[in-house]
Amino acid sequence: MAQTRSLPIRILRSAAILIVAWLALSWLVVLVLRFVPPWTSAVMMERRLSALVHGQPGFEIHQRWVPWERVSPYVPLAMVAGEDQKFPFHHGFDVDAIQDAIDAADEGKRLRGASTISQQTAKNLFLWNGRSFVRKGLEAYFTVLIELTWPKQRILEVYMNIAELGDGIYGVGAASDAYFRTQPARLSAAQAARLAAVLPNPRRLRADAPSAYVQRRANWIQQQMGQLGGPGYLQRRR
């Protein structure tokens, strides 16, 4: 009987050890990536696997890491202006945007995203695409870890280096090469706005041959960049 009673306890103890070990390991990975450029991302790995499964043997991932100081200041500003204007001030989650999305869903309107740049960084770096509760829960967990461990500038630096900006094109380094044939440090405000404009659907939209939609969105983003106060807007929380 004693052995029978002790079996559930041993199982619970082993499960607790595994959970604590996973929590410690995940935090350690986030801590290391504060200082070390990510060598890949979960979304890039998922894209490679998808290409193999769907018979695209010639598919290639194009990505190269570019440090913050070698990127035009217009690039992170354009991404903030287009994706998450409260980024310098929130702690990973835009509560107002989440509430607006919930209200819109309750009214029967199309479900819209309310993800911040911090959440998108967590998802792109560690998780997979999808809308399951498990993935959203893990996204929230990694978002909290990132916000607690990284400064705002590091979050933006990683985001603009791993964000998908075209089919197989990830990060501002590869996008600058593919679309504008220039170095990231030389990107203009208009070019940065066009890169940010394709983020809603980077596999269909192009920054080098913008559709009317992309151009309208890029114009709006560039206008927002000016209204936010230019690159100095990101200096308020680094």
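The values are calculated or read from the model by the stated rules, or taken from the named source; none is laboratory data. Just so it is clear, the structure is predicted and the values come from calculations on it, not from any experiment. Positions of Cβ are backbone-derived with ideal geometry, glycine not excepted, and every protein chain shown enters the neighbour counts.
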Condition test on Gln191, is it under 26 Å from Leu125 (Cα atoms) and of a type in the set (S, T, N, Q)?
-> yes
Test for Tyr159: is it hydroxyl-bearing (Ser, Thr, Tyr) and in contact with a strand residue (DSSP E or B) (Cβ under 9 Å, 6 or more places away or on another chain) = no
Within the set of pairs 6+ apart or on separate chains, which have a first residue in the stretch 213-226 that is within 13 Å of Met79 (Cβ to Cβ) and not assigned by TED's automatic domain parsing to the domain that holds Ala197, a second that is modelled with pLDDT under 95 and not in a helix (DSSP H, G or I), and C-beta atoms under 9 Å apart?
-> none
Within the set of pairs 6 or more residues apart or between chains, which connect a residue that is among the aliphatic types (A, V, I, L, M) inside the stretch 27-43 to a residue that is in a loop (DSSP other than H, G, I, E, B) with Cβ atoms less than 7 Å apart?
-> Ala42/Leu127; Ala42/Trp128; Val43/Asn129
Restricting the search to the stretch 49-93, which residues are free of Cβ contacts under 8 Å to residues at least 60 places away in the same chain, within 22 Å of Ser176 (Cβ to Cβ) and surrounded by 14 or more Cβ atoms within 10 Å (Cβ to Cβ)?
-> Asp84
For Val172, the lone unmet condition from (1) surrounded by fewer than 24 Cβ atoms within 10 Å (Cβ to Cβ); (2) modelled with pLDDT of 95 or more; (3) under 15 Å from the mean Cα position of the chain (by Cα) is (1)
Which members of the stretch 1-52 meet the condition of being of a type outside the set (Val, Ile, Thr) and touching a helix residue (DSSP H, G or I) at 6+ places or on another chain (Cβ under 8 Å)?
-> Ser26, Trp27, Leu31, Leu33, Arg34, Pro37, Pro38, Ser41, Ala42, Met44
Does Thr143 meet the test of being in a loop (DSSP other than H, G, I, E, B), in the same structural domain as Phe93 (by TED's automatic domain parsing) and among the β-branched types (Val, Ile, Thr)?
-> no
Qualifying positions in the stretch 183-204 - at pLDDT below 95 and not basic (Lys, Arg) | Leu199, Pro200, Asn201, Pro202
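What are the residues in the stretch 199-218 that are assigned to a helix (DSSP H, G or I) and buried (at least 19 other Cβ atoms within 10 Å of the Cβ), if any? Can you show your working first?
Within the stretch 199-218, the subset assigned to a helix (DSSP H, G or I) is 212-218.
Scanning the stretch 199-218 gives Val214, Arg217, Ala218.
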